[in-house]
Amino acid sequence: MDLVGYIEFKRNYCACVKAHKLALMAQRHFWKVLLRDTVSYHDMQHSIQHMQQAQKQAHQVYERVLERYPTNGKLLKVYGRFQEFVMNDPWTANRMYSEAAKQGVNENLMSLVNGDAGQATGRNLAQVMGGEVNETADGIIIIDARGTMLITSPAACNMFGYDKGELEGKNVSMLMPPPLSEMHDMFLDNYAKTGKAKILDTRREVVALTKCRTIFPVSLFVTKLSGTGQEGIFFGLVKKIRQQATNTVKVCHATTPSVNHRHFTL
């Protein structure tokens, strides 16, 4: 977006915020009327009409601006707040929040690939990983601070045996065997509270779990794309390990009955 385009967007964004505030003020006035000791029918009717009119006008402004900037994460997020706190529609609000997060992820992912964002600022993804990224074979998974998968690449779906669309919106722990799957949410919560990470910007060899409940070794790299605390967004790159090493991992039916009995080397 060039300077002229940015100024135009800012003007439209401010129009949305102004209409949003007017709707909130009308809502606040309505509740003030209700809190009076005595409320006339005329005052009640007038405050309701005023509130509905303000909501309608704000909604029209948002629709007009969103038609022009349908993929702007900042605009989608504030529209989600409008739906949640003005229109009292948490379902639409959650949909807007999710879409805003995805758009923010896309922008930051492009910056990471180009070497402009993430914890590895100034280096592109291949440099961070210590090798080239094969988009047709290596899985890319984007999650939020709660572990919800926002974006999964086709290669990631194929690697874990899922169809397109089956993983997004689910918790990433479903791709891990116990006991890691049972502890992953705790790890994320601890990082959100303390900011202390153990695996960010490092490549590790771990165990993954497919849809048919079989396990296989992978190389995992995780970095933070954006946000802090509960607003954090994380990028994960998963590579299958093909070469053999000396360590053998065994998963037994006795301890993890839901996982197929397999042996493999790391």
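None of the figures in this text is laboratory data; all of them are computed from the coordinates on show. Model, not experiment: these values are computed from the prediction. Neighbour counts are summed over all protein chains in view; Cβ atoms, including those assigned to glycine, are modelled from backbone coordinates with ideal geometry.
For region 29-104, the normalised intensity computed at q = 0.13, 0.14, 0.22, 0.25 Å⁻¹ comes to -0.49, -0.55, -0.92, -1.07 (log10 of I(q)/I(0), Debye sum over alpha carbons, equal scatterers, no solvent). The fraction of all Cα pairs in region 144-237 landing in successive 5 Å bins from 0 to the largest distance is 3, 13, 23, 28, 21, 9, 3, 0, given as whole percents. Across region 1-94, the relative contact order, built from alpha-carbon pairs under 8 Å that are at least six residues apart, equals 28 percent.
Straight Cα distances below 24 angstrom link Lys21 to the lysines Lys10, Lys32, Lys56, Lys74, Lys77, with same-chain residues fewer than 8 positions distant left out. Amide H contacts under 5 Å for Ala208: Phe216, Val218, restricted to partners 5 or more places along the chain or on a different chain, H placed in the peptide plane at 1.01 Å from N.
Scalar couplings 3J(HN,Hα) for region 88-93, obtained by applying the Karplus form with A = 6.51, B = -1.76, C = 1.60 to θ = phi - 60°, are 6, 10, x, 5, 5, 4 Hz; x denotes Gly and Pro. Each residue, Ala15 and Arg28, gets one label point 7 Å from its Cα in the Cβ direction; the gap between the two is 2.4 nm.
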